[in-house]
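Below is one structure, written out as structure tokens; the observations come after it.
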Amino acid sequence: MAKSKHISKRICVTMTEQDHEHLTRLAYETLRTRSGYMRWLLHQDFMERGIYQKNK
């Protein structure tokens with residue numbers, strides 16, 4: 001198994017069933033997994049706030 005250059009951490013999120021359905025639909029529409037879509041959302045928010053820059 002290939003090792004990532006980044007150290008990964010896990011988080012657990014509790015959400016309503018309706019939010020989970022929305023997440024599932026949005027992930028499917030963007031060809032991402034649910035966890036991949038959540039990572040994408042976080043990165044988007046971080047970039048908007050200026051605390052994360054892509055390719056850094």
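The values are calculated or read from the model by the stated rules, or taken from the named source; none is laboratory data. These numbers were taken from a predicted model, which means no experiment stands behind them. Ideal geometry is used to build each Cβ from the backbone, glycine not excepted, and the neighbour counts take in all protein chains shown. Protein only, heavy atoms only, side chains kept; ligands, DNA and RNA dropped before computing areas. Shrake-Rupley method; radii C 1.70, N 1.55, O 1.52, S 1.80 Å.
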Practice task
Scan Arg34, Arg39 and give me the residue that is modelled with pLDDT of 95 or more and either surrounded by 10 or more Cβ atoms within 10 Å (Cβ to Cβ) or touching a Lys or Arg at 6+ places or on another chain (Cβ under 6 Å) (or both).
Solution key: Arg34
Practice task
Check off (1) open to solvent by 80 Å² or more (accessible area, probe 1.4 Å); (2) at pLDDT 95 or above for Leu26 and give me the number that stays unchecked.
Solution key: (1)
Problem - Filtered residue count, region 1-51, keeping only those that are in contact with a Leu (Cβ under 9 Å, 6 or more places away or on another chain), aliphatic (A, V, I, L, M) and outside any helix (DSSP H, G or I) - result: 1
